[in-house]
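Report on the following structure.
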Amino acid sequence: METLRDILAAAARGVFPPADGRTTVVPQASHRDAGVLAFTAHSVVFTDEDPGWVYDTLRATDCDALAASMNPRFLAAFMERTGRGAETIDALLVAAPLPGEPPLALRETADAAHSRVGYARGRRDEVRAWTADGGVLVTGRGVGGRLEVSVEVDEGVRHRGLGRLLVTAARHLVAEPLWAQVAPGNARSVRAFQAAGYRAVGSEALLLPR
């Protein structure tokens with residue numbers, strides 16, 4: 001049986017589920033994370049709920065079948081069924097590791113006081129953080145055990161390319177594909193990741209325990 005980890009590993013290599021308009025239901029890789037991945041004309045629902053309930057609820061969602069898994073009515077039913085909450089639908093991006101040293105000086109820190117570090121520790125395992133002048137870079141293992149990155153740039157030094165440098169630097173710190181979840185409305189962040197070589201592979205709605 002194909003697992004969530006299998007699907008993500010394949011997507012990182014550029015191999016995606018068939019664009020057949022169907023939905024695949026797979027078990028959660030951890031108790032913490034349930035949700036939906038949407039690729040081109042194929043969705044993946046990762047949940048420990050009954051797959052029959054998923055398919056019945058998708059069929060009952062009053063919208064284009066291709067959009068049903070990300071439709072607010074389905075997601076609301078999914079949250080009600082599981083007692084979970086969600087924040088937004090993110091664009092899902094991935095990039096391969098890069099050789100050599102990062103393009104800016106980084107200092108690894110164990111300081112959990114930073115809001116970005118604290119946020120990551122609530123959603124990821126094996127969290128590590130680095131600081132640079134004016135910014136912070138955080139990695140950790142999230143959905144399906146994939147390695148995820150997030151960054152934050154201080155208000156006073158924004159619009160100077162630091163975000164792009166940070167997410168580029170992250171690729172030099174890892175030895176496996178690096179994932180990012182970015183709200184589509186955060187155009188500044190989307191552009192920074194794309195400029196650093198991250199490619200869009202789909203979208204994701206993550207449901208977490210309340």
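The values are calculated or read from the model by the stated rules, or taken from the named source; none is laboratory data. This is a predicted model, so every value here is computed, not measured. All Cβ positions, even for glycine, are placed from backbone atoms using ideal geometry, and neighbour counts span all protein chains on display. Ligands, DNA and RNA are stripped out before the accessible areas are found, and what is left, the full protein with its side chains, is counted by its heavy atoms. Shrake-Rupley method; radii C 1.70, N 1.55, O 1.52, S 1.80 Å.
Quick look at the values:
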| item | result |
| --- | --- |
| Matching residues in region 42-70 - criterion: being surrounded by 16 or more Cβ atoms within 10 Å (Cβ to Cβ) and closer than 21 Å to PRO17 by Cα | HIS42, SER43, VAL44, VAL45, PHE46, THR47, VAL54, LEU58, LEU66, ALA68, SER69, MET70 |
| Hits in region 86-120 - residues which are in contact with a strand residue (DSSP E or B) (Cβ under 6 Å, 6 or more places away or on another chain), of a type in the set (Gly, Ala, Ser) and either assigned to a loop (DSSP other than H, G, I, E, B) or open to solvent by 30 Å² or more (accessible area, probe 1.4 Å) (or both) | ALA86 |
| Near pairs, Cβ below 7 angstrom, 6+ apart or cross-chain, from region 48-75 (in contact (Cβ under 8 Å) with a residue 60 or more places away in the chain) to any residue that is aliphatic (A, V, I, L, M) and open to solvent by 30 Å² or more (accessible area, probe 1.4 Å) | MET70/ILE89; LEU75/ALA86 |
| Qualifying positions in region 168-192 - open to solvent by 10 Å² or more (accessible area, probe 1.4 Å) and in a helix (DSSP H, G or I) | THR168, ARG171, HIS172, ALA187, ARG188, SER189, VAL190, ARG191, ALA192 |
| Residue within region 121-133 that is surrounded by 15 or more Cβ atoms within 10 Å (Cβ to Cβ), at pLDDT below 95, assigned to a loop (DSSP other than H, G, I, E, B) and not β-branched (Val, Ile, Thr) present | yes |
| Check on VAL149, open to solvent by less than 60 Å² (accessible area, probe 1.4 Å) and under 30 Å from THR3 (Cα atoms) | yes |
| Any pair with Cβ under 8 angstrom, 6 or more apart, that starts in region 146-162 at a residue that is farther than 27 Å from GLU204 by Cα and ends at one that is buried (at least 21 other Cβ atoms within 10 Å of the Cβ) | VAL157/GLY135 |
| ALA187 out of contact with any Leu (no Cβ under 8 Å at 6 or more places or on another chain), free of Cβ contacts under 8 Å to residues at least 60 places away in the same chain and not basic (Lys, Arg) | yes |
| Test for THR139: is it of a type outside the set (Asp, Glu), within 15 Å of the chain's Cα centre (by Cα), outside any helix (DSSP H, G or I) and more than 18 Å from ASN186 (Cβ to Cβ) | yes |
| Contacts under 7 angstrom Cβ, first residue in region 19-35 being over 15 Å from THR3 (Cβ atoms), partner open to solvent by 50 Å² or more (accessible area, probe 1.4 Å) and part of a loop (DSSP other than H, G, I, E, B), 6 or more apart | ALA19/THR40 |
| The lone exception for LEU206 - which of (1) touching a residue at least 24 places away in the same chain (Cβ under 8 Å); (2) outside any strand (DSSP E or B) it fails | (2) |
